[in-house]
Amino acid sequence: MAKKIFERPRYLKENVYHYCPGCGHSIIHRLVAEVLDELAIGERTIGVPPAGCAVLAYNYLDVDMGEAPHGRGAAVATGIKRMLPDRIVFTYQGDGDIAAIGTAETIHAANRGENVTVIFVNNGVYGMTGGQMAPTTLLGQSSTTTPGGRDRSRDGMPIDLSQMLAVTGGSVYIERTAVHSPKHVRRTKKALAKAFKTQMQGLGFSLVEVVSQCPTNWKMTPADACRWIEETILSFYPLKVIKDEVGDI
Amino acid sequence: MTEKQLMRGSHVIGEAAVRAGCRFYAGYPITPQNELTEYMAGAMSRIEDGVFIQAESELAAVNMVIGAAMAGARTMTSSSSPGVSLKQEGISYLAAQELPAVIVNTMRGGPGLGNIAPSQGDYFQATRGGGHGDYRHIVLAPASGQELADLTRTAFEYADRYRTPVMILGDGMMGQMMEPVTFPEPLDLTGLPDKPWKLDGAKGRPSRVILSLLLNTALEEELNWKLFRKYETIAQEIPAAETFMTEDARMVVIAYGTAARIAKGAVKALREKGLRVGLLRPVTLWPFPDRVIRDMSRSVADFLAFEMSTGQMVEDVRLALEGRARVHFYGRPGGIVPTPDEIAGVLHTRYERSGLGGLS
């Protein structure tokens, strides 16, 4: 008799992803769905999708979802969580959303120690609008608004939001992971689970920054995009636990 | 009903909001409305399920309100003119996502940073849907302490009934004024209808989404027409205005809020001199009470709009009348609050120039 060893996660809808081939979002969505199921919290979870490629996350994640204006995910999540403290509230945000237009909302939510979980997908580019420079774009990296590459004197340095959030008093768990190889995908899932557990135990603000591939806007094949993460991006954005006041949970 | 008490306008709004079931307030300091934020900080700390957040910006405050409204709470934020400009992003989303919320604008002199004196310069922003997109929201204009209490209760009722943001449009004068007020009893929140659209986790039901992104233009058009029909219903059901000495009036001054109180003093003074003048005070600014003004034009040929601005509501007066009567205007912008004597003088001059007669 055949044994089922792999299936669609319970909290993933039966919709075909709109994401480009090789994009990291579909992997991260699936990990979120798996974690919600494994922690048995899907029926009390409310998600806040961003403006950007992942705005359509509610087409895939089968939990209550409330769309935030661009960058305001942390503020919207604050409102939901404060009214429903026994529910699990997460935001899912890209680098432009969280580290440019939404910097203030994110830092202050972290500083207040809002008991929410932030999933921060860093692919170094504004994807949905067609590949403009993001706050996280690397020096020298080409984009439609840095055609000759990001220049320090003109465009500033790439920002490390997770490090900034780590110095706030209210953040308790921040880790940077990636999804360009199976090993890293597994690590990301562990980090997501820990972030949600942090919230379940009421410990404070948790965030997982996931370095993710955007082959379309990087103008690379999916395989080259994964190699570029390993060889280039991770030297500026090293994968590590940035802050952990939670310990083993 | 509770006993009559003397209270500052900003505090009246706060107390009335709490009694109307407001359980979430987020705000940011700005003069002249800090007393409301401070009142809510104290009041919410005394309610078991009450939440007060001093936000990092007006933008954050209104977005927190969006979240709390999604969760089904009765919510409020407040600010003054420059801060309300920042809130417009969130108000557009509240309208699109059909979320109930109450926004208080204690108007001050502008544009720009302006000053902290009472003004009515935000009428256009309030009544035309001050954010992006094709929407309106209800605007209530209280003119006394008691009305601040009553209309705050009404604002929460309308917000829930029509699933829309509702603005209470006052000014620094309304906020600071001390007047006797009687509050309604606190609302029993368990008696309120359920919100079958709220987000509280998909336990035993299909998951829900509250969104405003509609990439399919046919669906976006459908939403716009749906909102339009809702606004038509609101425009049928809630327009309100107070009339004062208009029965035999030959000239009627139209003014709202603080300006209406000043105008009322002027009308009383001129009546004592025998001039047949009256006052019409819109209580709802959107929807504008145009029918009552149009009906009045059967017996009144001269209207004078008086505003603490260079002339914004006067456009709605003209639209209501569609040329049926002469529309005069007098305004004092920039935070100037004229005296009843000044308005009486203006009315008197207009009255004579329009050939309605002088002193008897």
Quiz item: Is it the case that residue A:154 is touching a strand residue (DSSP E or B) at 6+ places or on another chain (Cβ under 6 Å) and not in a loop (DSSP other than H, G, I, E, B)?
Solution: no
Self-check item: Search result, residues across the range B:253-274 that are under 11 Å from residue B:344 (Cα atoms) and surrounded by fewer than 23 Cβ atoms within 10 Å (Cβ to Cβ)
Solution: B:264, B:265, B:268, B:269, B:271, B:273
Quiz item: How many residues does the range B:72-100 hold that are surrounded by 24 or more Cβ atoms within 10 Å (Cβ to Cβ), at the interface with chain A (Cβ under 8 Å from one of its Cβ atoms) and over 30 Å from residue B:116 (Cβ atoms)?
Solution: 1
Quiz prompt | Those residues of the range B:169-210 which are loosely packed, with under 15 Cβ neighbours inside 10 Å and away from chain A (no Cβ under 13 Å), in sequence order | solution = B:178, B:180, B:182, B:184, B:185, B:186, B:188, B:190, B:191, B:192, B:193, B:194
Self-check item: Conditions (1) under 25 Å from residue A:198 (Cβ atoms); (2) at the interface with chain B (Cβ under 9 Å from one of its Cβ atoms); (3) in contact with a Gly (Cβ under 8 Å, 6 or more places away or on another chain); number of the one not met by residue A:67
Solution: (3)
Practice problem: Could you tell me which of the residues B:303, B:288 is surrounded by 20 or more Cβ atoms within 10 Å (Cβ to Cβ), in contact with an Asp or Glu (Cβ under 7 Å, 6 or more places away or on another chain) and not basic (Lys, Arg)? | Solution: B:288
Quiz item: If we keep just the residues of the range B:42-87 that are in a helix (DSSP H, G or I) and among the β-branched types (Val, Ile, Thr), which is nearest to residue A:103 (Cα to Cα)?
Solution: B:62
Quiz item: So residue A:26 fits all but one of (1) surrounded by 20 or more Cβ atoms within 10 Å (Cβ to Cβ); (2) away from chain B (no Cβ under 12 Å); what number is the exception?
Solution: (1)
Quiz item: Taking residue A:120 and the conditions (1) in contact with a Ser or Thr (Cβ under 6 Å, 6 or more places away or on another chain); (2) open to solvent by less than 20 Å² (accessible area, probe 1.4 Å), which numbered condition does it fall short on, given that it satisfies the others?
Solution: (1)
Practice problem: Read through the list (1) over 15 Å from the mean Cα position of the chain (by Cα); (2) more than 30 Å from residue A:84 (Cα to Cα), then give the number of the only condition that residue A:244 fails. | Solution: (2)
Quiz item: Could you count how many residues in the range B:31-41 are open to solvent by 20 Å² or more (accessible area, probe 1.4 Å) and either in contact with a helix residue (DSSP H, G or I) (Cβ under 7 Å, 6 or more places away or on another chain) or part of a helix (DSSP H, G or I) (or both)?
Solution: 5
Quiz prompt | Members of the range B:305-360 that are of a type in the set (Asp, Glu) and part of a loop (DSSP other than H, G, I, E, B) | solution = B:322
Quiz item: Would you pick out the residues in the range A:70-106 that are surrounded by fewer than 24 Cβ atoms within 10 Å (Cβ to Cβ) and either more than 7 Å from every other protein chain (Cβ to nearest Cβ) or under 24 Å from residue A:125 (Cβ atoms) (or both)?
Solution: A:70, A:85, A:86, A:88, A:100, A:101, A:103, A:104
Exercise. Determine whether the range B:211-226 contains at least one residue that is of a type in the set (A, V, I, L, M) and surrounded by 19 or more Cβ atoms within 10 Å (Cβ to Cβ).
Key: no
Practice problem: Scan the range B:126-141 for residues that are out of contact with any Ser or Thr (no Cβ under 8 Å at 6 or more places or on another chain) and open to solvent by less than 10 Å² (accessible area, probe 1.4 Å) and report the count. | Solution: 2
Quiz item: Out of all the residues in the range B:9-22, is one or more of a type outside the set (Lys, Arg), surrounded by 24 or more Cβ atoms within 10 Å (Cβ to Cβ) and without any contact (Cβ under 8 Å) to a residue 40 or more places away in the chain?
Solution: yes
Quiz item: Do you know which residues across the range B:56-70 are facing another protein chain (nearest Cβ under 7 Å), open to solvent by less than 10 Å² (accessible area, probe 1.4 Å) and in contact (Cβ under 8 Å) with a residue 24 or more places away in the chain?
Solution: B:60, B:63, B:64, B:65, B:66, B:68, B:70
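The values are calculated or read from the model by the stated rules, or taken from the named source; none is laboratory data. What you see is a predicted model; the values in this text were computed from it and never measured. Backbone-built Cβ (ideal geometry, glycine too); neighbour counts: all protein chains shown. Areas reflect the complete protein model, heavy atoms only, side chains present, ligands, DNA and RNA absent. Shrake-Rupley method; radii C 1.70, N 1.55, O 1.52, S 1.80 Å.
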